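Student: Take a look at the following structure, please.
No value in this document is a laboratory result; all are computed from the given coordinates. Just so it is clear, the structure is predicted and the values come from calculations on it, not from any experiment. Please note: Cβ atoms are built from the backbone with ideal geometry, for glycine as well, and neighbour counts cover all protein chains shown.
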Amino acid sequence: MAKYEVYIFEFMNITKALADENRVRILMALNRREELCVCQLIDMLKLAPSTVSKHLFILRNARLVNGRKEARWMYYRLNTDGVSSIVPSALEWVIRSVDEDPSIHQDDERLSEILSEPAEKVNPLVVEVMKEEGLGLSEKKPQSVFELIKAGKLYDHVITVCYDSESRCPIFPGITKRWHWPFSDSAKAEGSQEEKVAKVREIRNQIKDWLLKPGEGTFSFKALIEK
């Protein structure tokens, strides 16, 4: 194949890859974060895992990104090594063109949430009210959702309780069923110590009732809990 034909073929692959908003968002996310797990990109885009994988296949075919596998997950970064000059030029043009787009900034904020570390310990108010139920949480430590995902943990059911917005809750690839119930955030309880404890106790009771006394036509977790 003549050299100019190679350039045209590569050029067409790149233009095809850039002709989609979500693929541009992926490139911008990788530009700002250097390397990301596909599970984090799935959460950022809020798309089905198969859809995100297809986007990444197209970007990789255009040699705009490369990836490596660690355990069961793929990790991607911008491809700037060992490629023709057309790839870095294309990436530079994309970054320069859309860096100030509001959606890119929203993605960056979402990634900051996704990559944030969990609290060092369980909320003391939660420890106190759960102790009333015979559950000791003082020695427990909150876990990162993405550390669980990267470790290959799979779940039949996932319950998300994000109060502000369901869209801010993480996605668990491969789960059988996801349930969302927006309980109030115990960390935002206000007032005196007694008032805070009462509020967190109220949240605990709401969660308990939802699990053990499901509404008609909804899934019953009671059988799972009592196993």
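Student: Hey, in the GNM for the chain with a 10 angstrom Cα cutoff, which one of Q193, Q206, Q143 fluctuates hardest?
Tutor: Maximum among the listed residues: Q193.
Student: How high is the relative contact order of the chain, in percent, with contacts defined as C-alpha pairs under 8 Å that are six or more residues apart?
Tutor: 16
Student: A further question follows. Can you tell me the mean projection area, over all orientations, of the convex hull of the stretch 58-125's alpha carbons? Units nm², please.
Tutor: That works out to 7.8 nm².
Student: Output the direction-averaged projected area (hull surface divided by four) of the convex hull of the alpha-carbon atoms of the stretch 62-169, in nm².
Tutor: 10.6
Student: Between D156 and T15, what's the calculated FRET efficiency when r is the beta-carbon distance and R0 is 41 Å? Round to 0.05.
Tutor: The formula returns an efficiency of 0.45 here.
Student: Just the Cα atoms of the stretch 5-78, one point each, no solvent: what log10 I(q)/I(0) does Debye give at q = 0.13 Å⁻¹?
Tutor: -0.35
Student: Loop by DSSP (not H, G, I, E, B), at most 14 other beta-carbon atoms within 10 Å: where is the longest site-free stretch of the chain for GluC sites (Glu not before Pro)?
Tutor: 35-99
Student: Pull up all non-local amide H partners of D20: gap of 5 or more, or a different chain, and H-to-H distance under 5 Å with H placed in the peptide plane.
Tutor: none
Student: Relative contact order for the stretch 3-115: what percent, with Cα pairs under 8 Å and sequence separation of 6 or more?
Tutor: Computed over the stretch 3-115, the figure is 31 percent.
Student: Under a cut-off of 29 Å between alpha-carbon atoms, report the lysines in cross-link reach of K188, not counting same-chain residues fewer than 8 places apart.
Tutor: List returned: K46, K121, K131, K140, K141, K177, K196, K199, K208, K213, K222.
Student: Full extension from E132 to W93: what is 0.36 nm times the residue separation minus their Cα-Cα distance, to one decimal in nm?
Tutor: 8.1 nm
Student: For E190 and D108, what does the FRET efficiency come to when R0 = 30 Å and r is the distance between their Cβ atoms, rounded to the nearest 0.05?
Tutor: So, using R0 = 30 Å, E works out to roughly 0.50.
Student: Among R201, R96, R60, determine the one that fluctuates most according to a GNM of the chain built with springs between C-alpha atoms less than 10 Å apart.
Tutor: Ranking R201, R96, R60 by mean-square fluctuation puts R96 first.
Student: Report the semi-axes of the equivalent ellipsoid for the chain in whole Å, largest first, where each axis is √(5λ) for an eigenvalue λ of the Cα gyration tensor.
Tutor: Values: eigenvalues 393, 68, 45 Å².
Largest first, the chain gives 44, 18, 15 Å.
Student: Which Cα, out of P102, Y7, S89, lies furthest along the positive dipole direction of the stretch 3-115 (beta carbon charges, K/R +1, D/E -1)?
Tutor: Y7
Student: Between F183 and I86, what FRET efficiency follows from the Cβ-Cβ distance if R0 is 45 Å, with the result rounded to 0.05?
Tutor: On the way: r = 52 Å, r/R0 = 1.14.
According to the calculation, E is roughly 0.30.
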